[in-house]
Amino acid sequence: MLRKFKINVNGEEYIVEMEEIGGAPQPAPTAPAPTPVAEEAPNATAASTERPAEESSAPVTPPSQASGEAMEAPMPGTVLKVLVSEGEQVTENQPLLVLEAMKMENQIVASTDGTVTGIHVNEGQAVDAGAPLITIG
């Protein structure tokens, strides 16, 4: 059973809903039925799936061509910024790129010292967890 309470904290008033534990179980909420989508024009679908032209034009090295082990994305997200370039010397714990996940910016750092032998993503690219990001050889 949900109960509402009015709480005053430092002069600010808040309305809080709390569930009573140990009370009668509440029925699970039902999901709304899917709404049918109207048919779109053929060009509208193609335009909505294209990537923006503003993505970085830096070449992306396929993981199979780079020497060394590719660092993988720890979580799904969007590459906001690549901080290194191919051929650059990096040290352990040096930031390599910024990955946005769940509206938080996460720095992906080098796991070892070495040379960047491959960059497998572009700025603005969405990546899945486990996707290859950067190879250090």
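The values are calculated or read from the model by the stated rules, or taken from the named source; none is laboratory data. Owing to the predicted nature of the structure, the values given are computational and were not obtained by experimental measurement. We place every Cβ from the backbone using ideal geometry, glycine too, and count neighbours over all the protein chains shown.
To keep it simple, each residue is scored yes or no on (1) more than 12 Å from P74 (Cα to Cα); (2) acidic (D, E).
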position	(1), (2)
N93	yes, no
D113	yes, yes
I119	yes, no
A131	no, no
Residues within segment 66-87 that are surrounded by 14 or more Cβ atoms within 10 Å (Cβ to Cβ) and without any contact (Cβ under 8 Å) to a residue 40 or more places away in the chain, tallied: 2
K81 basic (K, R), modelled with pLDDT of 60 or more, out of contact with any strand residue (DSSP E or B) (no Cβ under 7 Å at 6 or more places or on another chain) and within 30 Å of I136 (Cβ to Cβ): no
Among (1) at pLDDT 90 or above; (2) among the β-branched types (V, I, T); (3) touching a strand residue (DSSP E or B) at 6+ places or on another chain (Cβ under 6 Å) - the single one T61 does not satisfy: (1)
